[in-house]
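See below for the structure under consideration.
The values are calculated or read from the model by the stated rules, or taken from the named source; none is laboratory data. Please read these numbers as outputs of a predicted model, since none were measured by experiment. So basically every Cβ, Gly included, is an ideal-geometry build from the backbone, and we count neighbours across all protein chains shown.
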2 protein chains.
Amino acid sequence: MNQGEIPQPTESELEILTVLWARGPSTVREVNDQLNEQRTDGKEVGYTTSLKLLQIMFEKGLVARNTDARTHVFSAAFAQADVQRNLLQRLADSAFQGSAMQMVMHVLGGHDASSEELQEVKDLIEKVEKLKNSGLKN
Amino acid sequence: MNQGEIPQPTESELEILTVLWARGPSTVREVNDQLNEQRTDGKEVGYTTSLKLLQIMFEKGLVARNTDARTHVFSAAFAQADVQRNLLQRLADSAFQGSAMQMVMHVLGGHDASSEELQEVKDLIEKVEKLKNSGLKN
DNA sequence: ATTTGTCTACGAAATTCTTCGTAATCAAAA
DNA sequence: TTTTGATTACGAAGAATTTCGTAGACAAAT
């Protein structure tokens, strides 16, 4: 039950999920090493800290765990795109009156987008519109 | 010092800021009433809860406070658009490899945008491109 | 077999965020 | 003046998050 629901990851949990999305199924050691490599600040992450977080995430259903071997292997339980969509919706709800589109306008308007990026966006819109006109979506 | 920095508002603080942006300078009573009106869940917010939050926000520099009268008047210390930009950047950093543009693509691609909204986005891009070509920005 | 190193489980400290109770103060009403 | 009601200050409880220390289990090395 609650299959479609994605538990809201915290900031730290999201950091770990990102590692798992990039690396694929990983051991605690691998996750922890990666976290320490990518840290810009000097702050070292303790091994048991990563372990504990992964355990909590497992309880929440954010990650899957393979315990066949003594050294467990963890993997993200949800696709990156799905979690991203969730986070975007949450931000839209709390800061943009629930309108994701308003967020888009905000980024495009007040930001430093390169011509190439803008072209990319335009191309994407074209594709989306073609889809809509073909009557398959919406 | 640190003039440009906007302290990261928490979820509750953002809710209060939204009230202040909508209402303009307000007393604790006014903020608290508004919070209780707009709550969908039955949860009542206690008066002192709102008060305490506003006091904390004042210490953080998120709101300004006028104490001329006995009943203090609070107002948002930053423009809504600036805080929104900050929040977007934070999400981009934590979940989209720091690329706000990637967020835009994500929303436009995987989502339910109406034809009108898409047209709006296209119009905005046109405007932005005109600005860029006129050599004033970027 | 013993030691050494790595792993998981677990509890708990430290921190941050949220909420509220109480006391003191002030002003308006009686 | 006394009472009543509203307000601010403050402390602290409760909850969620982050971090780590310690213990016990297991396996590899000696």
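Among the residues of region B:11-57, how many are under 11 Å from the mean Cα position of the chain (by Cα) and part of a loop (DSSP other than H, G, I, E, B)?
Going through region B:11-57 one residue at a time, the tally reaches 0.
So which residues in region B:8-34 are within 14 Å of DNA strand C (Cβ to nearest atom) and within 14 Å of chain A (Cβ to nearest Cβ), if there are any at all?
Result: B:Gln8, B:Pro9, B:Thr10, B:Glu11, B:Ser12, B:Glu13, B:Leu14, B:Glu15, B:Ile16, B:Leu17, B:Thr18, B:Val19.
Considering only residues of region B:37-70 that are more than 19 Å from B:Thr10 (Cβ to Cβ), without any contact (Cβ under 8 Å) to a residue 12 or more places away in the chain and within 13 Å of DNA strand C (Cβ to nearest atom), which is farthest from the other protein chains (Cβ to nearest Cβ)? Show your work before the answer.
First pass over region B:37-70, keeping only residues more than 19 Å from B:Thr10 (Cβ to Cβ): B:37, B:40, B:42, B:44, B:47, B:66-70.
Restricting the remaining residues to those that are without any contact (Cβ under 8 Å) to a residue 12 or more places away in the chain gives B:37, B:40, B:42, B:44, B:67-70.
Still in the list and also within 13 Å of DNA strand C (Cβ to nearest atom): B:42, B:44, B:67-70.
On the way: B:Gly42: 19, B:Glu44: 20, B:Thr67: 29, B:Asp68: 31, B:Ala69: 31, B:Arg70: 33 Å.
Filtering region B:37-70 for residues that are more than 19 Å from B:Thr10 (Cβ to Cβ), without any contact (Cβ under 8 Å) to a residue 12 or more places away in the chain and within 13 Å of DNA strand C (Cβ to nearest atom), the one farthest from the other protein chains (Cβ to nearest Cβ) comes out as B:Arg70.
For region A:9-56, give me each residue that is modelled with pLDDT of 95 or more and of a type in the set (S, T, N, Q).
A:Thr10, A:Ser12, A:Thr18, A:Ser26, A:Thr27, A:Asn32, A:Gln34, A:Asn36, A:Thr48, A:Thr49, A:Ser50, A:Gln55
Tell me which of these A:Gln89 doesn't satisfy, since it passes every other one: (1) away from DNA strand C (no atom under 16 Å from the Cβ); (2) buried (at least 17 other Cβ atoms within 10 Å of the Cβ); (3) within 30 Å of B:Thr40 (Cβ to Cβ).
Exception for A:Gln89: condition (2).
Select from region A:4-46 the residues that are surrounded by fewer than 19 Cβ atoms within 10 Å (Cβ to Cβ) and touching a strand residue (DSSP E or B) at 6+ places or on another chain (Cβ under 8 Å) and list them in ascending order.
If the condition is that a residue be surrounded by fewer than 19 Cβ atoms within 10 Å (Cβ to Cβ) and touching a strand residue (DSSP E or B) at 6+ places or on another chain (Cβ under 8 Å), then A:Trp21, A:Gly24, A:Pro25, A:Thr27 are the ones that fit.
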